[in-house]
Amino acid sequence: MIFCSSADRGLHHALAAFPEIKKAVPAAHLKIFYHFQDGPILNIEPNDNTNHRHVVELANRLRYCKESIERLKPLGVEMVGSVSFNEMKKQMSEAEVLLYPVDTVAFSEGFSLSIMQAHAAGAIPVITSADCIGGIYRNSGCLMENLPVKTENIVNNAVSALKNGAARRRKVKRFAMDYIWFDIAKDLEKFIKNTEKVKVETKSEPLISILMPTMRPGGLDVVFKGLENQTNQNFELIIVDGIYKYRKDIVENMCKHYKFKVKHVEPLRNKFPTTCIAHSTNTGFLHCETPLVLMITDYTYLPPDCVDKHIKFHQKNPEINKGYLCPHQYK
């Protein structure tokens, strides 16, 4: 089994269920793909009344997860950390179950890329109906628990998937096939090929602003690594951070190791735990120094030529006042 998202997405439920799963399926093990960012949030007391209750709950969950992972190592729980995209595909393909009992502190799950990737890889998702997940995946072949989460039901669903998953595995893969966006990707490739020969002048000021709203811990290492390797470094990164005050120092220290320009700002109207990506995006626009903006989400890895291709396309087609979003592909 694998878990591959931030800890606030229900990792504490997965860890609570694991010992009983292990009793029923002795060969079961759990790999966790996530990079914990330790910081001031871990120092918030369990009964703190100076921070919002969602923040206190998030701190409690993070501490519980870190302690539980250590205690469950002998039973087969492994904290792997961040891995490459290709390694994640490999792990998804080898896994039998995505143990992902989502239970967010605030409404934030609109789609869940991790769950769709698991469908495509044939890893049976053991999930919850949190936020929009229930409406999207109810009949996908996954095993879904309605909120509030009951550990016993998570255990039963995981054991069922591990012991009797062959037919269900075929069903989840069929579900994913309906959402392979190859046609859109092909259209984007046509635009890219038509602009590859455009010469881009090197300038000291940024040519493009990369705007990334975020509301959850983690994900920044993936973005920074992708941007570090860009063939065209004439960009600025704008992070509009809903949990700005909890990781201001963390981001400041990260930026010291990278050469590109970074602006780390707080949303004007929706500070954590209020969630509104549109407000965060508008805040980011106010900080953009360039007329060209590439909007991304957290946990997004940009291939090395991504910035260059966006700049070239818009330089060759200045009259086209719109952008093209490359969707995720499930292969």
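The values are calculated or read from the model by the stated rules, or taken from the named source; none is laboratory data. Here the structure is a predicted model, which is why all the values come from computation and not from measurement. Reconstructed Cβ throughout: ideal geometry from the backbone, glycine too, with neighbour counts over all protein chains shown. All accessible areas refer to the heavy atoms of the entire protein, side chains included, with ligands and DNA or RNA removed. Shrake-Rupley method; radii C 1.70, N 1.55, O 1.52, S 1.80 Å.
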Can you find even one residue in region 47-60 that is of a type in the set (Val, Ile, Thr), without any contact (Cβ under 8 Å) to a residue 40 or more places away in the chain and either over 22 Å from residue 15 (Cα atoms) or open to solvent by 50 Å² or more (accessible area, probe 1.4 Å) (or both)? yes
Take region 96-113 and flag every residue that is surrounded by fewer than 17 Cβ atoms within 10 Å (Cβ to Cβ) and more than 13 Å from residue 4 (Cβ to Cβ). 107, 110, 111
Of 23, 89, which residue is over 26 Å from residue 251 (Cα atoms), of a type in the set (D, E, K, R) and at pLDDT 95 or above? 23
Any idea which residue in region 130-164 is most open to solvent (accessible area, probe 1.4 Å), counting only those that are acidic (Asp, Glu) and within 23 Å of the chain's Cα centre (by Cα)? 131
Among (1) at pLDDT 90 or above; (2) within 26 Å of residue 162 (Cβ to Cβ), there is one condition residue 34 misses while meeting the rest; what is its number? (1)
In region 14-33, which residues are surrounded by fewer than 22 Cβ atoms within 10 Å (Cβ to Cβ) and either under 24 Å from the mean Cα position of the chain (by Cα) or aliphatic (A, V, I, L, M) (or both)? 16, 24, 25, 27, 28, 29, 31, 33
Those residues of region 63-95 which are buried (at least 19 other Cβ atoms within 10 Å of the Cβ), part of a helix (DSSP H, G or I) and touching a Leu at 6+ places or on another chain (Cβ under 6 Å) amount to 65
